[in-house]
Amino acid sequence: MNTTKWNFRRNVVFQLFVLPALIGYLIFYIYPLIQTAIYSFTNYSMYHPNMKWIGIDNYIRLFKDDTVIIGIKNTVIYALLMTLLQNALAIPLAIALNRPLKSRNGLRLVFFAPAVLSPLVVGFLWSYLMSSSDYGLINQGLRAIGLNNVNWLGNPKLALYSILLTQVWQWTGYAMIIYLANLQGISKDYYEAASIDGAKAWTVFSKITLPLLLPSISFNTVMAMIGGLKVFDVIFSMTGGGPGHSTETIVMTLINKGITESQFGYGSAFAVVFSFMIMIVAFVQLKVLNKWEAKLF
């Protein structure tokens with residue numbers, strides 16, 4: 001057998017290994033994606049099982065729907081604050097726990113532990129802690145030091161930020177571990193050279209640590225932003241979107257419109273817009289991070 005034939009057969013074998021994954025991808029991702037895009041141009045719902053082509057009417061209606069606008073606004077606020085707070089806390093935490101402390105392994109475990117819990121479990125746990133009734137532990141603590149109860153989840157102006165607080169608590173440790181892994185990959189030679197030159201702590205952080213943390217900053221901020229835009233389960237378990245629509249997010253509104261109210265065509269249009277929104281945000285974010293990286297180096 002000549003070399004060309006042998007290479008051809010070998011390539012065919014390798015491609016056959018990829019085939020099951022490719023078929024699964026086409027069936028479970030590409031086909032539903034195309035079907036959703038088609039439904040978004042129809043009036044398909046429980047009340048109109050015989051769907052009819054209505055063009056872009058669903059998309060026009062989407063941007064006139066107050067609940068959709070509220071969902072988008074809440075989601076953007078949540079995703080931005082979540083990304084900023086999670087990473088602003090995780091970086092100093094990782095730097096602190098990268099030092100030779102005796103308790104650092106225990107502290108790493110304590111900070112990372114919430115990330116292994118389901119967001120639903122975290123949501124129910126914090127609902128109990130933040131309850132405004134007599135058994136809410138946080139309000140019990142406030143009363144014990146002479147302060148008034150706070151309606152953490154029942155106040156429309158406070159509820160979204162209360163949920164945000166629980167998620168920062170849950171996911172900061174996860175981001176910290178990624179920063180920690182990145183920090184441990186930075187050569188000690190840089191820090192020894194800076195020490196010999198008499199560089200101050202801030203100069204070492206801004207000129208050495210921060211630029212070399214950029215790969216993990218890019219990963220953590222993009223993942224936090226996408227996770228924030230897709231948030232659903234913790235809000236479902238803590239407030240169900242209430243009070244009123246004050247904690248409704250895009251995914252929650254999408255499920256309400258598309259599944260609970262059985263407006264399949266309208267919900268599909270919302271899903272298409274939401275998908276493009278995530279792609280645009282991720283693209284812009286990566287562009288900004290790449291420009292920042294180019295400036296630092």
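The values are calculated or read from the model by the stated rules, or taken from the named source; none is laboratory data. Predicted model only: the values in this text are computed from it and were never measured. Counting neighbours? That spans all protein chains shown, and the Cβs are built from the backbone with ideal geometry, glycine included. Areas reflect the complete protein model, heavy atoms only, side chains present, ligands, DNA and RNA absent. Shrake-Rupley method; radii C 1.70, N 1.55, O 1.52, S 1.80 Å.
What are the residue pairs meeting all of these: first residue in the range 275-296, first residue more than 30 Å from Ile208 (Cβ to Cβ), second residue open to solvent by 90 Å² or more (accessible area, probe 1.4 Å) and not in a helix (DSSP H, G or I), Cβ atoms under 9 Å, and 6 or more apart or on different chains?
From residues that are more than 30 Å from Ile208 (Cβ to Cβ), the pairs are Ile278/Lys230.
Take the residues in the range 227-238 that are surrounded by fewer than 22 Cβ atoms within 10 Å (Cβ to Cβ) and outside any helix (DSSP H, G or I); name whichever of them is nearest to the chain's Cα centre (by Cα).
The residue in question is Lys230.
Residue under question is Glu293, and the condition is that it be of a type in the set (Asp, Glu), under 30 Å from Ile70 (Cα atoms), at pLDDT below 90 and open to solvent by 30 Å² or more (accessible area, probe 1.4 Å); does it hold?
No; evaluated as a whole, the condition is false for this residue.
Within the range 214-221, can one find any residue that is closer than 30 Å to Leu62 by Cα and surrounded by 14 or more Cβ atoms within 10 Å (Cβ to Cβ)?
Yes, because at least one residue in the range 214-221 is closer than 30 Å to Leu62 by Cα and surrounded by 14 or more Cβ atoms within 10 Å (Cβ to Cβ).
Within the set of pairs 6+ apart or on separate chains, which have a first residue in the range 198-216 that is closer than 16 Å to Asn87 by Cβ, a second that is part of a loop (DSSP other than H, G, I, E, B) and open to solvent by 30 Å² or more (accessible area, probe 1.4 Å), and C-beta atoms under 7 Å apart?
Note: pairs meeting the criteria are Pro211/Phe297.
Check the range 93-108 and report whether any residue there is in contact with an Asp or Glu (Cβ under 6 Å, 6 or more places away or on another chain), of a type outside the set (Asp, Glu) and loosely packed, with under 15 Cβ neighbours inside 10 Å.
The answer is no, given that none of the residues of the range 93-108 is in contact with an Asp or Glu (Cβ under 6 Å, 6 or more places away or on another chain), of a type outside the set (Asp, Glu) and loosely packed, with under 15 Cβ neighbours inside 10 Å.
Of the residues in the range 69-91, how many are of a type outside the set (D, E, K, R), open to solvent by 70 Å² or more (accessible area, probe 1.4 Å) and closer than 18 Å to Phe232 by Cα?
Residues meeting the conditions: 2.
Pull up the range 47-68, narrow it to residues that are in a loop (DSSP other than H, G, I, E, B) and under 28 Å from the mean Cα position of the chain (by Cα), then point me to the one that is surrounded by the most Cβ atoms within 10 Å (Cβ to Cβ).
Asp65
Residues of the range 136-148 being over 31 Å from the mean Cα position of the chain (by Cα) and either polar (S, T, N, Q) or assigned to a loop (DSSP other than H, G, I, E, B) (or both), which ones?
Hits for the range 136-148 are Gln140, Ile145, Gly146, Leu147, Asn148.
Here is a yes/no grid of residues against (1) touching a residue at least 12 places away in the same chain (Cβ under 8 Å); (2) under 28 Å from Lys230 (Cα atoms):
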position	(1), (2)
Phe41	yes, yes
Gly55	yes, yes
Ile72	yes, yes
Pro92	no, yes
Ile95	yes, no
Arg99	no, no
Ser127	yes, yes
Gly141	no, no
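Here are Ala199, Ala181, Ala175, Ala224: which of them is part of a loop (DSSP other than H, G, I, E, B) and either open to solvent by 20 Å² or more (accessible area, probe 1.4 Å) or within 20 Å of Ser118 (Cα to Cα) (or both)?
Ala199
I'd like to verify a number: residues in the range 109-131 that are small (Gly, Ala, Ser), in contact with a helix residue (DSSP H, G or I) (Cβ under 6 Å, 6 or more places away or on another chain) and surrounded by fewer than 19 Cβ atoms within 10 Å (Cβ to Cβ), how many?
Matching residues across the range 109-131 total 1.
Name the residues in the range 239-274 that are open to solvent by 50 Å² or more (accessible area, probe 1.4 Å) and among the small types (Gly, Ala, Ser), would you?
Gly244
Restricting attention to the range 186-196, and to residues there that are farther than 14 Å from Leu212 by Cα and out of contact with any helix residue (DSSP H, G or I) (no Cβ under 6 Å at 6 or more places or on another chain), which single residue is most open to solvent (accessible area, probe 1.4 Å)?
Looking at residues that are farther than 14 Å from Leu212 by Cα and out of contact with any helix residue (DSSP H, G or I) (no Cβ under 6 Å at 6 or more places or on another chain), I get Ile196.
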